[in-house]
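Bear in mind these aren't lab numbers, they're just calculated from the coordinates by the rules spelled out. Note that the structure is predicted; figures quoted are calculated from it, not measured. Methodologically, a virtual Cβ is constructed for each residue, glycine included, from the backbone with ideal geometry; neighbour enumeration extends over all protein chains shown.
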Amino acid sequence: MQILKYLFLLLLLSFVAATIFVATQKGDFSVTRSKVINSPKATVFNYVNDYKNWEDFSSWAAEDGQMKLSFSPNSIGNGAAYSWEGKENSGDVKTIFVKANDSIAQQMNYNGTTSEVFWRFKDTIGGTKVTWKTKGNLSFALKIATTFSGGAESVFGKIYEKSLVNLDKILDYETNTYSVKVDGVVKKLATFYVKQSFTSKLVDVTKNSRVIFEKLMVFCQQNDIELNGKPFVIYHSYDVLNETAKLSFCVPIKNELTATTGNDISSGKLDSFEAVKTTLIGDYSHLQKALDKTTDYFKTNKLIADSRISHIEIHTIGKSEIKNPSKWNTTIYYPIKPKVVIVKTTKPAATTIPVAEPETPKDENPTSEF
């Protein structure tokens, strides 16, 4: 009995000593991990900036098949948030600052520990250097967990390392798996549409399309406007040198509108035209390759592009239908300049009418229609 008392006292003292040891450990922590991702900077940034992709690359979600995830109505950009509830950990994260294609700042709660999270994206040899950093103050429970597991540097460091490896593998496949096929000359049918137009940087077109298409869809729904196909983008100009485009984001509708109630939303009609059709299966980052291949087709077949617009992109299958970029389907129509048909008119033969006065000559100028 005496031995049991000593053992109990020893265990109690050990527990108190361990508690004191943990309590006196430094609570502040800062962990940074970096990795070169084999994908373009804009692609990596856009992927990380959307929380609906985190379940695929974040190690705490990827390794827990029973984890329950919840997303804010908008999962992209400033103000977006998501939370998770798993077997061993739970938490939430919210985006508080975004600089396009450069950096993201977030606030994270991980098992009761609140931390500030920072992402940086930088072009480098071999792709994009991604730096993921977190700093904060450990809760007592997480102090215990990390103290006997190598410290916060080791625990969080391993999570970030695994997640960055997952990010590289996913993007390497999803981004670089694509195909381009020039389908040839087709007749593009006419359609009515509602649109929003502005000038955008080329790298921001994908991000803007998600926001604007959703806005146009809501507008149509609120005004009982019947849709008539997939959203599309009209590129009025496409400036590769300055990396900008003047464009209209459009949603096709069944009937013509005489007026619109949106301050920056208007309606229009796309007349039918002949075009070279090209199909891109894969991530939007390969659109330029599709345009280049279309340009080669024009040269080979001695076709002339219609300079009134650059081209039209229809998002046949996009992010709203399937999350995997390798399976997205974008149809591109590159308008062909209409052939000018000259209709000749023949001058009627002159007739002479006998009159008493001298004859008055008729107009000798012929007319032509184009």
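The relative contact order of region 59-123 comes to 21 percent, based on Cα pairs under 8 Å that sit 6 or more residues apart. Extension gain, residue 118 to residue 246, is 42.8 nm, computed as 0.36 nm per intervening residue step minus the present C-alpha separation.
The spread of Cα positions in region 23-176, taken along each principal axis and listed from longest to shortest, comes to 47, 34, 28 Å. A Förster radius of 22 Å, combined with the Cβ-Cβ distance separating residue 36 from residue 90, puts the computed FRET efficiency at roughly 0.10. A straight chain from residue 189 to residue 135 at 0.36 nm per residue would run longer than the Cα-Cα distance by 13.8 nm. All Cα-Cα distances of region 180-335, cut into 5 Å bins from zero to the largest, leave 2, 9, 18, 22, 21, 16, 8, 3, 1, 0 percent in each bin in turn. Taking label points 7 Å from Cα along the Cα-to-Cβ direction, residue 100 and residue 181 give a separation of 3.3 nm.
Sequence-distant contacts, meaning Cα pairs under 8 Å at least 6 residues apart, place the relative contact order of region 23-176 at 32 percent.
The relative contact order of region 180-335 comes to 32 percent, based on Cα pairs under 8 Å that sit 6 or more residues apart.
The length gained by stretching the chain between residue 307 and residue 83 to full extension, at 0.36 nm per residue less their Cα-Cα distance, is 75.8 nm.
Simple point charges give the picture: +1 on the Cβ of Lys and Arg, -1 on the Cβ of Asp and Glu, and for region 173-226 a dipole about the Cα centre of about 220 debye.
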